[in-house]
Amino acid sequence: MGIFSFLKRQKAVREERPMAEVALDAKLGRTRSRFRDSLLDFLVGKKPIDEALLEELESQLIMADVGVDATARVMKSLEARVARSEVGDSEALRLALREELFTLLAPVERPLEIPESATPFVILVVGVNGAGKTTTIGKLARQLEDGGKSVMLAAGDTFRAAAVEQLQGWGERNGVPVISQGTGADSASVVFDALQSARARGIDVLIADTAGRLHTQSGLMDELAKVKRVLGKLDPTAPQETLLVLDGGTGQNAISQVEQFHAAMALTGLVVTKLDGTARGGIVFAIAERTGLPIRFIGVGEQVEDLEAFEARRYVDALVSIDES
């Protein structure tokens, strides 16, 4: 079957049913409004570019959660364009801003691809409480099943009975097996058993949930590292993917979450969820600038298809598209 690519599959789905698709700019409505109302509207028309206008743009980028570092990078590039007379007025500046934001995000557009393998491809999902890990797992499982992959889930969040029940609910809806033990069981043991079972059954992809924890809780972070070590005893390459799920509404706090989880777990990808319900979607730019880690998916709604493979151009255009008619 070759490599399973979420990005290729979702592009194909959009082409097959364009009338059923809700535009990304509608799903990102609150963040789009912040960008358009407070960030872009003052650039309408062909105003001359002066120091005051550039300072206002810089302030608005920071207030839109783009972050200090990302804003500094964007402004440096824009000011260089102005100095070279490539950008002559505020209307041209809007167009240049869109391209600079795309340039910022393009390097982290690296969608998850799952190659054919004799052993299960293991996805370990981590994150703080309430970020949306279990829901993300359920949506991933469904999309993989729809794409022809066999999937198993591991209920590694053994601290909350509700978490196990929620994952089992997704398993029933998707028709995929869920390996679990009792509340309070050792998470590493659950995931180890799940990998053994997945290998015995010839499963293509094992997705393992873990207990939510604050990135500042060093003891719990050590438990996550233990899960990873235990998986490696069965398969030295496992987990092949370690995904951190971030709540897009947390703003700049997401940066410290990424940095500390990455230090403990050597993350391979990020999922930014709940972007449909927040005006803080500018955080994606800050994450890209500060971490450089692949953004595999964004969550923009409750439906299974609302877990979307991240596309830099599509994201930028959804936030700062300009009516050029």
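The values are calculated or read from the model by the stated rules, or taken from the named source; none is laboratory data. Computed from a prediction, not measured in an experiment: that's the story for all the values here. Here the Cβ positions follow ideal geometry from the backbone for every residue, glycine too, while neighbour counts run over all protein chains shown.
Observations
- Of the residues making up segment 301-325, those that are farther than 15 Å from residue 95 by Cα, at pLDDT below 95 and part of a loop (DSSP other than H, G, I, E, B) are 301, 302, 303.
- Selection of segment 98-141 for residues being over 17 Å from the mean Cα position of the chain (by Cα), more than 14 Å from residue 240 (Cα to Cα) and modelled with pLDDT under 95 yields only 98.
- Residue 26 vs. criteria without any contact (Cβ under 8 Å) to a residue 60 or more places away in the chain and closer than 30 Å to residue 240 by Cα: no
- Within segment 219-259, considering residues that are out of contact with any strand residue (DSSP E or B) (no Cβ under 8 Å at 6 or more places or on another chain) and over 26 Å from residue 195 (Cα atoms), the one surrounded by the most Cβ atoms within 10 Å (Cβ to Cβ): 249
- Set 55, 79, 91: member being without any contact (Cβ under 8 Å) to a residue 12 or more places away in the chain and in a helix (DSSP H, G or I): 55
- Here residue 291 qualifies as at pLDDT 90 or above and either touching a Lys or Arg at 6+ places or on another chain (Cβ under 6 Å) or within 14 Å of residue 104 (Cβ to Cβ) (or both).
- Residues being part of a helix (DSSP H, G or I) and crowded, with 24+ Cβ neighbours inside 10 Å - total across segment 276-285: 3
- Residues in segment 26-41 that are of a type in the set (A, V, I, L, M, F, W, C) and within 20 Å of residue 91 (Cβ to Cβ): 35, 39, 40.
- Verdict on residue 74 being over 30 Å from residue 4 (Cβ atoms), in a loop (DSSP other than H, G, I, E, B) and of a type in the set (A, V, I, L, M, F, W, C): no
Yes or no, residue by residue, for (1) surrounded by fewer than 19 Cβ atoms within 10 Å (Cβ to Cβ); (2) not in a helix (DSSP H, G or I):
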{"residue": "97", "(1), (2)": "no, no"}
{"residue": "107", "(1), (2)": "yes, no"}
{"residue": "118", "(1), (2)": "yes, yes"}
{"residue": "122", "(1), (2)": "no, yes"}
{"residue": "125", "(1), (2)": "no, yes"}
{"residue": "131", "(1), (2)": "no, yes"}
{"residue": "136", "(1), (2)": "no, no"}
{"residue": "139", "(1), (2)": "no, no"}
{"residue": "142", "(1), (2)": "no, no"}
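- Considering each residue of segment 259-268 in turn, none proves to be assigned to a loop (DSSP other than H, G, I, E, B), over 14 Å from the mean Cα position of the chain (by Cα) and of a type outside the set (A, V, I, L, M).
- Between 232, 182, 249, 219, the distinction of being modelled with pLDDT under 95, in contact with a Lys or Arg (Cβ under 7 Å, 6 or more places away or on another chain) and not acidic (Asp, Glu) belongs to 249 only.
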